[in-house]
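We did not get these values from a lab; they are worked out from the coordinates using the rules stated. Predicted model, so just to flag it, every value in this text is computed and none were measured. Cβ sites come from the backbone with ideal geometry, for glycine too, and all protein chains shown count toward neighbours.
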Amino acid sequence: MIHPRKWLVPALYILFLMLPIYGLLAMSFKTTGEILGGFSFFPQQFTLANYKVIFTDPTWYNGYINSIIYVVINTVISVSVALPAAYAFSRYRFLGDKHLFFWLLTNRMAPPAVFALPFFQLYSAIGLFDTHIAVALAHCLFNIPLTVWILEGFMSGIPKELDETAYLDGYSFSRFFIRIFIPTIAAGIGVAMFFCFMYSWVELLLAKTLTSVDAKPIAATMTRTASSSGYELGLLAAAGSLTIIPGAVVIYFVRNYIAKGFALGRV
Amino acid sequence: MSIELRDVTFRVGAEKHIYKTNLLLEPGGFNILLGTTLSGKTTLMRLMAGLEKPTTGEIWTKDGDVTGIPVQKRSVAMVYQAFINYPSFTVYDNIASPLKVAGLSKSAIKEKVHHIGDLLKLTPMFNRLPSELSGGQQQRTALARALVKGTELVLLDEPLANLDYKLREELRDELPRLFADTGATVVYATSEPLEALMLGGHTATLKEGCVVQFGRTASIYRKPATMESAQVFSDPPINTAVIKKQGEMAYLGDTVSWKVPEQLVSLPDGNYKIALRPHHLLPEGQGVEVDGIVQIAEISGSGSIIRMNVEGNIWVCETRSIHSYQFGEKARFVFNADHCMYFGADNQLIEQHPSSSDQTDITNSDRL
């Protein structure tokens, strides 16, 4: 028999966690008038109008498309740059390797606001302002160090003898790296991609500073709380609800790997 | 294929890992590198494989000087102590991988992999991943991958050390049979003297980065050229002591004395060293009597191992009968003076009584 208190605490924990998300979800099915009118736990006048606006109005759905584009670009760049770097840190000893490794992490110590202004000026000067690649590159500043750290942890868990065995079997370095090594650390790559995605998806300041119209992310669109028709709280709630979905999907796919990452102490 | 190390040394920074080594390993049979941990067995193997480049010296095979040739281009296979397999490949793909890289046809690969799989009893596991195998099966997979290539040099770096007792015995019995027909030069590193004796062939005893002695396994066991060699080739540790020779008598401390063999009588008087195998020191019987203060007595089912202090030396008695002692108990032990090996102050073997090399020492003597 399960002791009743065994599930009580987790149940309460999940309830409290889910409550604000439920609030958001409930709001997205209400009209703005109802939201402003007072608190109700269930939508009184259930409506899908908010979602309809988002899926039909280009200023809204383009926000999602822009965000997804630069997040994907950023994830691809971060992982492909970090893979060889992490391999070098995990397999070779060279002058200043430990300092360099730590220095990578210090990039994450400064708040993004520090970089916003210089980035804005630099990207404007070279004509990258308001492009997807601009945001993707800016996010690399934070994501590459993190990815290197995560991947280095996973790679150091693979014995060096595996590399040597492959060389003895006749594999060239590149063939070994692609055919054997990358599949071996696939879990680590999954975890690293997840963290790149999450950071880039929720980051607002740099994404907003470096874009105006063409590459405007959904998070920036959502900061527009009022339009000519007054407050649009229902619309915002719907946009917020949709923003959670990609993260939830990604978490679902990497949930087992994340536990592994935590076990390695690198996440 | 024979492999020859010519004046090879290996340094990392200022630290010497391998002192100047000359070694010629002939094809066929096992070549055993016997030494304790940190004696340089693994380093020596990595040098032979080409995974490390010697600081000085050359490595020769029948293809000539291969010192600078990358490992991919050499005909070498290696099995490590840890079970190293490609985690993302199935057992079949693991074994097939060196053949795929070599560019063999699909049917040729299939035939070879199945042949090796049958030999190592891996065929039923072909579709599993290495992580789904037991330790013994994982190491079998690694061995299969080393065998399937048909390389002329196979390096086995303590391949059985991480296996449990039963599996180790089983695989150890199979190993010589597996390599018997290949004609490959097999180099086998181990820290266990018993394993070396069972596998036979030739043995190189190693100590602190030096090859102390190289020769037929049985003859090294019977006639270690130096004290180090005798020490490396004994488990439990060999009993040693400094004796004083006067005329035809040897004195160990104040109380023990015996007649030295004829060959020693003519040598100048002074200090010499003796070595006595633990199973030649007995708790009862006839011979030279020594008094030991027992430190620990372990009973291992059918026998006992007794550690004692004899005239300031830690000696071990390994016997096939059960004897229990109290800590600190004073007990009398005996040994046959003919079993002593005598070494000079420079640790070189002087002479040994012929009867000390009795055949009963060797287990599996037929294999040697």
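Points to keep in mind about this one:
- Put simply, the Cα atoms of the range B:237-367 extend 45, 42, 26 Å along their principal axes, the longest span coming first.
- Principal-axis tilt of helix A:4-28 within chain A, Cα atoms, nearest 10 degrees: 60 degrees
- Pairs of Lys residues in the range B:50-204, spaced 8 or more positions apart or belonging to different chains, with C-alpha separations under 27 angstrom: 24 in total.
- Cβ crowding within 10 Å, taken as a proxy for footprinting-reagent exposure, orders B:Lys20, B:Lys259 from fewest neighbours to most as B:Lys259, B:Lys20.
- Rounded to 10°, Cα long-axis angle of helix B:91-102 versus longest principal axis of chain B: 70 degrees
- 3J(HN,Hα) along the range B:69-74, derived from phi through the Karplus expression 6.51 cos²θ - 1.76 cosθ + 1.60 where θ = phi - 60°, amounts to 7, x, 4, 4, 8, 9 Hz, with x in place of Gly and Pro.
- 3J(HN,Hα) along the range A:151-166: 5, 4, x, 5, 5, 5, x, 9, x, 4, 4, 5, 4, 5, 4, 5 Hz, from the Karplus curve 6.51 cos²θ - 1.76 cosθ + 1.60 with θ = phi - 60°, whole Hz, x for Gly and Pro.
- Percent of C-alpha pairs per 20 Å bin, chain B, short to long: 26, 49, 22, 3
- Nonlocal amide H pairs with B:His17, under 5 Å, H built at 1.01 Å: B:Phe10, B:Arg11, B:Val12
- Taking N as the residue count of the range A:114-267, its C-alpha radius of gyration divided by 2.2 N^0.38 Å amounts to 1.36.
- Note that the range B:134-277, at 10 °C in a medium of 1.306 mPa s, gets a Stokes-Einstein diffusion coefficient of 88 µm²/s from its Kirkwood radius over C-alpha pairs.
- Taking all Cα pairs closer than 8 Å and separated by 6 or more residues, the relative contact order of the range A:73-170 comes to 54 percent.
- Hz values of 3J(HN,Hα) by residue in the range B:177-189 - Karplus curve (6.51, -1.76, 1.60), Gly and Pro given as x: 5, 4, 9, 4, 8, 6, x, 7, 7, 9, 10, 10, 9
- Across B:Leu33, B:Leu44, B:Leu267, mean-square fluctuation computed from a Gaussian network of chain B (C-alpha pairs under 10 Å connected) peaks at B:Leu267.
- With contributions of -39500 (n - 2.57) from each DSSP H run of at least four residues, the per-residue ellipticity at 222 nm computed over chain B stands at -7000 deg cm²/dmol.
- Annotation: Cα Rg of chain A relative to the compact-globule expectation 2.2 N^0.38 Å equals 1.23.
- Chain A: angle of helix A:112-125 to the longest principal axis, Cα-based, in degrees nearest 10: 90 degrees
- Counting every other Cβ atom within 10 Å of each residue's Cβ, B:Val186, A:Val72, A:Val9 order from fewest to most as A:Val9, A:Val72, B:Val186.
- When the range B:1-133 is reduced to its Cα atoms, the Kirkwood hydrodynamic radius in Å: 17.1 Å
- The amide H of B:Leu155, built 1.01 Å from its N in the peptide plane, has B:Ala77, B:Met78, B:Val79, B:Val187 as neighbours under 5 Å, considering only residues 5 or more places off or on other chains.
- Label zone (B:Asp65, point 7 Å along Cα-to-C-beta; backbone nitrogen cut-off 12 Å) within the range B:1-40: B:6.
- Taking the centroid of alpha carbons for each part, the range B:97-141 and the range B:259-320 are 50 Å apart.
- Order of B:Asp338, B:Asp254, A:Asp214 - criterion: other Cβ atoms within 10 Å of each residue's Cβ, fewest first: B:Asp254, A:Asp214, B:Asp338
- Stokes-Einstein D (µm²/s) once Rh is taken as the Kirkwood radius of the protein assembly as shown over alpha-carbon pairs, at 4 °C in 1.567 mPa s: 42 µm²/s
- Mean projection of the Cα convex hull over all viewing directions, computed for the range A:1-47: 4.2 nm².
- Its relative contact order, with pairs defined as Cα atoms under 8 Å and 6+ residues apart, puts chain B at 16 percent.
- Distance distribution P(r), the range A:1-136, all Cα-Cα pairs, bin width 5 angstrom from 0: 2, 7, 8, 9, 11, 11, 12, 12, 11, 8, 5, 3, 1, 0 percent.
- Mean separation of Cα pairs under 8 Å and 6 or more residues apart, divided by the residue count, gives chain A a relative contact order of 32 percent.
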